[in-house]
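This report concerns only the one structure given below.
Each reported figure results from applying straightforward, stated rules to the coordinates on display, with no laboratory input. Nothing here was measured: the structure is a model prediction, and the numbers come from that model. Glycine gets a Cβ as well: all are built from the backbone with ideal geometry, and neighbour counts include every protein chain shown.
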Amino acid sequence: MWVPGGRRVLEPVGVLPQAAWRLDAEPEIAPDEVRVRVERLNLDAASFRQLREAHGDRVRDEVLRIVAARGKMHNPVTGSGGMLIGVVEEVGPEATLRVRPGDRIATLVSLTLTPLRLADGLARWDGRSEQVPCDGHAILHGRTVAAVLPDDLDPRLALAVLDVCGAPALTARVVARYSRPTVAVLGGSGKSGSLSLVAAKGAGAVRTVAVCPDEAEAARVRGLADEVVVADARDPAAVAGRVRADVTVVCVDVPGCEHAAILATADGGTVIFFSMATSFSAAALGAEGLAADVTLLIGNGYLPGHAEMALGLVRATPGLRELFAARLRADCAS
């Protein structure tokens, strides 16, 4: 049986590219593949936080080491990667991805399954931002999802939005199943969190609550949420004492927030986990131990039309666009 990307798996043999320890990132493409000249990586928030905390000023060396050893950007601690933007160089004659040479695209799948080779030693990256300017190439297989970058948005802003575009799409789908629900977002001032707040309101939420770790983060999201709660999402009692929601969306980039989300969710409600810092065993066993009648969903990052939806939310919501732009400015200044 043909396995998408399977020819690129070096070890262990027989697994899918995401589960592989090492991929073949050679530039020569198979008939169904596409090669992209990579311009920028966007490390996912949980991975970047872990790398910075563990390696400090040597984070660049660690990213280079991971990519060289694994043939992809796959953080061995968090199990996550991110995504990239680049220019299509070559398209195989049997490729099903609808792109052409010269298209500037963003991949909408994880770097953990994308063969990648870096050629510049990340010389232009200071290690202080999730966005990593670089030069190299990546290989996309026939089931890869990608989007041509829009002309009306800064490519860095578009990359930041597309990196988390699965979150608002699934949030909207779940919220639409309820009648006038309350929706809480843990990590509501972040990229995926702020998008999810706006998507929830558009899908029929009667009340949205953003949970933020401090006043500085709370200030970012006021105006996008009906209520802002300052609380540590790792503290179940602090969150559950102030938040009660029909749908709770977890968008934090630190571990240990599963039980707070479950306790904050009403019986019959749904918890959506978008954070790569989530322990899914802790979530499942925690819900069982709390006798919580809630549905636990894992956001897989893909729904049909998710890229267009997320970009549309940013275009239509000035406060949301400014939040993303402010984060990019802060990254550049740090």
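Computed values, structure above
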item: Crossing angle, helix 191-202 versus the chain [Cα axis fit, 0-90 degrees, rounded to tens]; result: 60
item: Trypsin sites (Lys or Arg not before Pro), loop per DSSP, at most 11 other Cβ atoms within 10 Å - longest free stretch of the chain; result: 125-334
item: Highest-MSF residue in the chain out of 31, 133, 181 [GNM, Cα springs under 10 Å]; result: 31
item: Only Lys, Arg (+1) and Asp, Glu (-1) charged, at Cβ; the range 6-149 dipole about Cα centre in debye; result: 220
item: Pairs of Cα atoms farther than 26 Å apart, the range 6-149, %; result: 18
item: Sum of side-chain charges, residue 190 neighbourhood, beta-carbon under 14 Å (Lys, Arg +1; Asp, Glu -1); result: -3
item: Rounded tilt (10° steps) of 59-70 against the dominant C-alpha axis of the chain; result: 60
item: Furthest towards positive pole of dipole, 107, 67, 79, structure part the range 6-149, Cβ charges; result: 79
item: Rounded, prolate or oblate (a/c below 1.5 giving rounded, otherwise prolate when a/b exceeds b/c) for the chain by Cα gyration tensor; result: prolate
item: The range 248-334 - charge dipole about Cα centre, Lys and Arg +1 at Cβ, Asp and Glu -1, debye rounded to 20; result: 420
item: Listed residues 150, 304, 255, most fluctuating in the chain (Gaussian network, C-alpha, under 10 Å); result: 304
item: Positive-pole candidate from 271, 10, 56, dipole of the chain, charges at beta carbon; result: 271
item: For the chain, calculated [θ]222 nm from helices alone, where every DSSP H run of n ≥ 4 adds -39500 (n - 2.57); result: -9500 deg cm²/dmol
item: Relative contact order %, the chain, counting alpha carbon pairs below 8 Å whose residues are six or more apart; result: 15
item: Cβ-defined net charge surrounding residue 35, 11 Å radius [Lys, Arg +1; Asp, Glu -1]; result: -3
item: Selected from 31, 141, 203, residue furthest toward positive end of dipole (the chain; charges at beta carbon); result: 203
item: C-alpha long axis of helix 306-316 to longest principal axis of the chain, angle in °; result: 60
item: Student exercise, the chain dipole from Lys, Arg, Asp, Glu Cβ charges, in Debye to nearest 20; result: 320
item: Solution diffusion estimate, µm²/s, Stokes-Einstein, the range 85-127, Kirkwood Rh from C-alpha pairs, 37 °C, viscosity 0.692 mPa s; result: 261
item: Choice from 148, 198, 250 with maximal GNM fluctuation in the chain (Cα, 10 Å cutoff); result: 148
